[in-house]
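Novice: Dropping a structure here in C-alpha cells format, bear with me for questions.
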Amino acid sequence: MKFHDQTEMGGTRGAFLTTHWSLIEDVKASSDKDKALIGLLLQTYWKPVYCYLRRKGRDNEQAKDLTQDFFHEVVLNRHLVGRADKSKGRFRSFLLYTLNQYLINHDRDNSAQKRIPGKKLASLDTTEIPDLPESFSTAKAEDSFHYAWLSSLLEHVVAQVKNTCKENDMEIHWAIFKERVLEPILCASESVSLTELCERHGIEDTKKASNMIVTVKRRFRSVLMEHVRNTVISDEQATEELQYLLQFLPENAQRQE
Amino acid sequence: MTQSDSIFGAELDRLKRLLTVGEEECDEGPSEHTQRTASLHILTDRPGGRIGRYKLMSILGEGGMGIVYLAEQDEAIKRQVALKVIKPGMDSNRVITRFEAERQALAMLDHPNIAHVYDAGTTEAGRLYFVMEYVNGSPITEYCDRHKLTIDDRLRLFLQVCHAVHHAHQKGIIHRDIKPSNILVSNQDDQVVPKIIDFGIAKAVNQPLTERTLITEQDRLFGTPEYMSPEQADMTREDIDTRSDIYSLGVLLYVLLTGVLPFDSDTLREGGIDHIRQVIRESDPKTPSTRLARLGEEARKHAESRRTEVATLARRLHKELEWIPLKAMRKDRAERYRSASEFADDIENYLNGVPLIAGPPSAAYRLRKFMRRNRSLATGIAAVLAVLIAGVIVSTLFAIRAERKARTAQAISDFFSNDVLAAVDPLTGEKPVASLEPILDIAAQRLGGKFDDEPLVEASIRYTLGRRYWHIGKFDAAEANLTRAVELGRKRLTTNDRQLLVYMGELAWVYAYQGRNDEAEALLAKTVDCMERALDEADRALQVAKNRLAWLYLDQYGRHEEAEQLWTEVLEDIQRRLGPDHPDAAGHMEGLAAAYMAQGRLDEAEKVARKALEIAQRAYGPEFFTTVHNMERLGKVCKALGHYDETEGLYVKALEIRRRILGEEHWRTRDVRSDLASLYLEMERYSDVEPLLVEAERAARRTFGNDHEITNASVKNLIDLYEAWNKPEQAAQWRVKLPERQAKLL
C-alpha cells in the first residue's frame, strides 16, 4: 500500500499516533498494527468526529461512514498527519484540523475513497445516535466537536475507573463513589449522606466510607490526567489542555477580554 | 440510563464539574458547590479551590500574562478581588523580588483611577499570583465605542487616565503595559470612571518581546506589541522611564480618536519578532487623518462610534488634534511630552481652543520622513527638492529687506513642509515619489493666496517652480509659473532690477521651447537690452541671456553672424576677467562652435568644440549637462567632417548618460538618440539603427500618445528603415500602426 510506511512516524506530528501506538505494542504482525490502531482511534475518538460531521450536514449513515473512512485515512495515509503543523502538539486540535482537511479533500475529490481498502480494517460498532445537549443544539461544528471530545474523554475515564475497581475487588468503592459523587453531578440528584451509604453497603463507619471515596477520586483524577496527557506532548501542555477544557465555552456565550 | 448516556448529553457545566473531581481531599460530593452557578477551580497539585486566603469564584478572563479570576477574600477583610495567576514559565522568585521592591511605592498609590494591588505570592505549585482590586468594567476602547462617546467626551475620559498615570509617575511607578484592556471603565453613580489596572505588575513580570509572548494559543495572540514603546521593543530594559508610558498613552489616544491602531496589527505581526521590533523602532506611523482616509468603508463605522462623519472627523484630526498623539509617539523620547500632565495639559489646550504645545511636524521632520521613504532616489528627487527649497529661500532673500529675512525664510520653509510635503504624503503613501512633477504641481496649486502681501516671495517661488518644470520638459506649466513670476515682480520691481530681468529672461526661454519664436526673441532682446544698462557686464545673468538670444538667432533665423558676435563678445569678456580656460566659457564655446558650423567653418568649429569639451570635462566631470552638451556638439561637428567613428563614440556616450539621468522620454534624450540613429543610417548600419528607432517610437508613444505627429514621425522612421534595409514585411507591420490618412501618404 502506497502510504503504509511505518518509518514515517516520528516527530511532533507523529507523536500522538506514537503515543497510541505504544499502547498496542504487543500486537505483532505489521498489518495488525494498523488495524489495531485504527480500531483504537475509532473507539476512543469517533464521537467528536461523528458530531462534527453531523453538524456539517451529513446524515447519520454518511457521518458514520465518513468517520470510519477518516480514521482509516489518518492511519494509513501519513500525508494527512504531515499537514497538521498548526496543532502544536494537541491531538484534539490536530484531529479537528485534519478532519477539516479531510472533508475538504473528500468533497473535492471523491477518488480519495480509492485509497482506502474496500474492506474496512476496523469499523464503527454502534447503533447509538448520540444527542447533543440543548445548549449545543445550534452550536457550530467545532464547538460540537469539542463538546463531544470532552464528553468522550470523561466517558472513557469513568469506564476505566469503573473497570479498575471491578478488577481489584473494589465494587463497593465504585458504588459509593457513584452514588455520592458521580450521580449528583450528572443527574442533579440529591447527594446521599455518608451514614446512609454505610447502611446501604455495610460499611463500618463514615470515616471508612469517606476514605474509600477519596481513593476512587484520586484514581479518577490520575486516570483523567493520564488520558489528557496522552493527547499532548508535554506535561506542561497537559495542565494547559485541562484548563482549556475547563474554560471551553460555545461561541455564543459571553466572554470577557 | 446507562453511564455513557448520562455523560454524553449532559450539559457542559456538569461535565466541567466532573473534570474537577479529585481536586479536594475531602470526601464531600459537590453539594457545597451546587449553590454556585459556576464553580471553577484552579488547577494546582494542591487541593482546594483556594489560594491563600482567597477563594476562587469564577474566571474573569485570560490575558497575555495568565488567567484572572474573581475571588473572595475571607480573612482579615471580606471583599471581592481580582486574582491574576501568571502563566508557568516565569521565574517566580525574581518576579516576586521585583514586585517586593515596588510594593511600598505601590501601597502609596492612592488614586481614584488606579486599581490597588494588594498582594502577591506563589501557590504551592509554584505558580505566581497577584491580588488586585476587582474592577468591573470594560476596556476603555470598547466602552467608548459601545456608548458612542464623542471625540470631546473621549478626550475628557482620556484626561482622567493621564492624571492617574501622572500620579503614579510622581510616586516613581511606571506602568509599562498601558493598553485598552488595562484601563477598565465602568459607570459608578452615574459617573464614568476609568481605572487603570496592573500597575506594578508588568514591570515585575517583565515580559520582553520574544517569540514566547506571541505564542498562538488556540489562535489567540498574546502580547500587545502595538502599544510597546520603541525603547521597550529595543530590549534595553535598563533605562525605561516614564516616557515609555507616554508613548503607550499616545497610541491609546490614537485609537480612541480614530478607531484604528497606528500600525496595523496584521501587517505588524506577519513579519515575526524582528520585523515587529523594527517597525516600532523605525517606522513613522501614518497620521490619524491619513489612516482614516485610507480605510474606505470601515472609516464610516469608526466615525459613527464617535457620533460624527468621516469627513468631519478627518478634518478635525488633520487641523491640530492629531498632533497630540503623534507627539506622544515620537521615536525619540526627548521629543515626546515630558510628562503625563503635560500631555493632559495639551489636551486641555485643545479643548479650550488654545494653541498646542505639540506643533505640526517640523519641516525637518517631514523632510526627513520624505527622504527616508525616497531613499533610493536620494541623488535624484529628494536632493533636488532640498536644493529647490534652499534655492528658493536664497533667491528670495536677495529681494527682501534684512529684518524680514528670517521670517520669510521660515515662511517659505513652512509652506513647503506643511502645505506641499504634507499634501504629498497621503498621495504617495508607501510608494516612493517617482518624479518631481507631483510635488511641483501641489506647490504650484497651493501657492495661490499664501503670500498675498509679499508678492516677491511668491514670485520667487514661482520662478523656481517654473525652472524646474522647464527642466523636466513641462513647458506649459513652466510658462504659467514664470508668467506669474514676472507679473508679481512687476508689482514691486522695475526693469532696472536684476530679479525681474532674470524672470523675464527665463520666460522668454520657455517661449522658445514652446516654439513661440517671435515672442521669445522680442522678450529676450528687451531683457538683454535692459540688462546691459542695469547690470554689470560681468554679471552672469547677462551672459546667460545673451547666450540664449544667440541660440535663438542661430536656430530659428539663420542669423548666424549676429549669433557669432554675441558669443564672441561674451567669451572675450570671460577671457579678459577670468582667463581662457574658465569653466564659464564652456557653455558659450559650444554656441560659438555651432555658429561656425552653421557658416560652414568646420575646422574652426572643431577646434572650439574640442576645447569646450575639455574645459567642461575638467571643470564639471563627465556627466554634467554642460559636458554632455559639448559632447553632442563635438559629435555634430565630427559628423559634418566625416569622422564617423569619433562621432559614434561621442553620441553613444552622450545617449547613455542622457538616458540614465533624464530617462528615455526626455526631449534631450530624444534628440541625441535621433542624431545617433541618423549617423548609423548614413553608415548603413541598419541593425544598429533599429533598436534606437524602436526605443524612440516607444518613448514617443508614451509621451505623446497614439495620434501625435511625433509618434507618427517615429513610426515613419521605422518604415523608412525597413524599406532601406530591404525588409518589406517589417515595414508593412509598422505601416499598419499609422493612422489611415497618414499611411496613405507613404
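Nothing in this text is a laboratory measurement; each read-out follows from the coordinates by a stated rule. Everything numeric in this text was worked out from a predicted model, so none of it was measured. Every residue, glycine among them, receives a Cβ derived from its backbone with ideal geometry; neighbour counts consider all protein chains shown.
Novice: How far apart, in nm, are the 7 Å Cα→Cβ label points at residue B:661 and residue B:707?
Specialist: It works out to 3.9 nm between the two label points.
Novice: Arranged from highest to lowest average of other beta-carbon atoms within 10 Å per residue, in what order do the peptides A:43-53, B:524-534 appear? Spell out each step's value before the answer.
Specialist: Values: A:43-53: 23.8, B:524-534: 18.6.
Order by mean packing, descending: A:43-53, B:524-534.
Novice: Would you kindly state how much longer the chain becomes between residue A:107 and residue A:190 on full extension, computed as 0.36 nm times their sequence separation minus their alpha carbon distance, in nm to one decimal? It would help to have the intermediate numbers written out before the result.
Specialist: Numbers: separation 83, 0.36 × 83 = 29.88 nm, distance 4.91 nm.
Fully extending the segment from residue A:107 to residue A:190 adds 25.0 nm.
Novice: Okay, moving on. Please compute the average number of Cβ atoms from other chains found within 10 Å of each residue's Cβ in peptide A:151-157. Could the numbers behind the result be given before it?
Specialist: Values: counts 9, 3, 4, 10, 8, 2, 4.
Taking all residues of A:151-157 together, the mean is 6.
Novice: Using a 10 Å cut-off on Cβ atoms, rank the peptides B:575-585, A:217-227 from the highest mean neighbour count down. Don't skip to the end; give the middle numbers.
Specialist: Values: B:575-585: 14.3, A:217-227: 18.2.
In descending order of packing, they fall as A:217-227, B:575-585.
Novice: For every other residue with a beta carbon closer than 13 angstrom to the beta carbon of residue B:573, add +1 if it is Lys or Arg and -1 if Asp or Glu, then tell me the sum. Numbers along the way, then the final one.
Specialist: Values: positive: B:540, B:546, B:576, B:577; negative: B:532, B:536, B:537, B:539, B:569, B:572, B:584.
Overall, the nearby charge balance is -3.
Novice: Please arrange B:625, A:71 by how many other C-beta atoms lie within 10 Å of their C-beta, fewest to most. Each step should come with its number before you reach the end.
Specialist: Working: B:625 16, A:71 30.
Fewest to most other Cβ atoms nearby, the residues stand as B:625, A:71.
Novice: Still on this structure: What is the count of Lys pairs in segment A:141-247 whose alpha carbons sit under 14 Å apart, if the two are 8 or more places apart or on different chains? Each step should come with its number before you reach the end.
Specialist: Details: A:162/A:178; A:162/A:217; A:166/A:178; A:178/A:217.
Eligible lysine pairs with Cα atoms under 14 Å apart amount to 4.
Novice: Right, something else. Place the peptides B:719-730, B:647-658 in order of packing, highest mean first, counting for every residue the other Cβ atoms within 10 Å and averaging per peptide. Please list the in-between numbers first.
Specialist: On the way: B:719-730: 15.1, B:647-658: 20.8.
Highest-to-lowest ranking by the protection proxy: B:647-658, B:719-730.
Novice: So for the pair residue B:146, residue B:568, with labels modelled 7 Å out along Cα→Cβ, what separation do we get in nm?
Specialist: For the pair residue B:146/residue B:568, the computed spacing is 9.4 nm.
Novice: How well do other chains shield peptide B:338-350, expressed as the mean number of their Cβ atoms within 10 Å of each residue Cβ? Provide the component values of the computation, followed by the final result.
Specialist: Values: counts 0, 0, 0, 0, 0, 0, 0, 0, 0, 0, 0, 0, 0.
For peptide B:338-350, the averaged partner shielding equals 0.
Novice: Can you give the net charge of the other residues whose Cβ lies under 14 Å from the Cβ of residue B:724, counting K and R as +1 and D and E as -1? List each step's numbers first, then the result.
Specialist: Working: positive: B:685, B:716, B:727; negative: B:682, B:684, B:688, B:690, B:720, B:723.
The answer is -3.
Novice: A follow-up question, please. Need one value for A:181-194: mean number of C-beta atoms belonging to other chains within 10 Å of its residues' C-beta atoms. It would help to have the intermediate numbers written out before the result.
Specialist: Details: counts 9, 7, 3, 6, 15, 12, 4, 4, 0, 3, 6, 1, 2, 3.
Mean shielding by partner chains, rounded to a whole number: 5.
Novice: Please work out the FRET efficiency for the pair residue B:733 and residue A:134, using the Cβ-Cβ distance as r and a Förster radius of 60 Å; give the result to the nearest 0.05.
Specialist: Details: r = 77 Å, r/R0 = 1.28.
For R0 = 60 Å, the calculated efficiency reads 0.20.
Novice: What pairs from B:84/B:195; B:611/B:639; B:546/B:636; B:171/B:286 go past 28 Å between their alpha carbons?
Specialist: Working: B:84/B:195 17 Å; B:611/B:639 17 Å; B:546/B:636 23 Å; B:171/B:286 34 Å.
Distance filter (> 28 Å) returns B:171/B:286.
Novice: Classify segment B:515-605: rounded, prolate or oblate, from the alpha-carbon gyration tensor (a ≥ b ≥ c, eigenvalue square roots; a/c under 1.5 rounded; otherwise prolate if a/b is larger than b/c)?
Specialist: Values: a/c = 2.33, a/b = 1.01, b/c = 2.31.
It comes out oblate by the Cα gyration axes.
Novice: Grab the other residues whose beta carbon is less than 13 angstrom from that of residue A:160, score K and R as +1, D and E as -1, and report the net.
Specialist: On the way: positive: A:162, A:166, A:219, A:221; negative: A:155, A:167, A:226.
Result for the local shell: +1.
Novice: Looking at the square roots a ≥ b ≥ c of the eigenvalues of the Cα gyration tensor of segment B:556-637, which shape do they give, rounded for a/c under 1.5, prolate if a/b is larger than b/c, or oblate? All intermediate terms of the calculation are to be shown ahead of the outcome.
Specialist: Numbers: a/c = 1.96, a/b = 1.23, b/c = 1.59.
Oblate.
Novice: Which distance in nm do the two modelled labels at residue B:518 and residue A:205 give, with both placed 7 Å along the Cα-to-Cβ direction?
Specialist: Label-label distance for residue B:518 and residue A:205, simple model: 13.2 nm.
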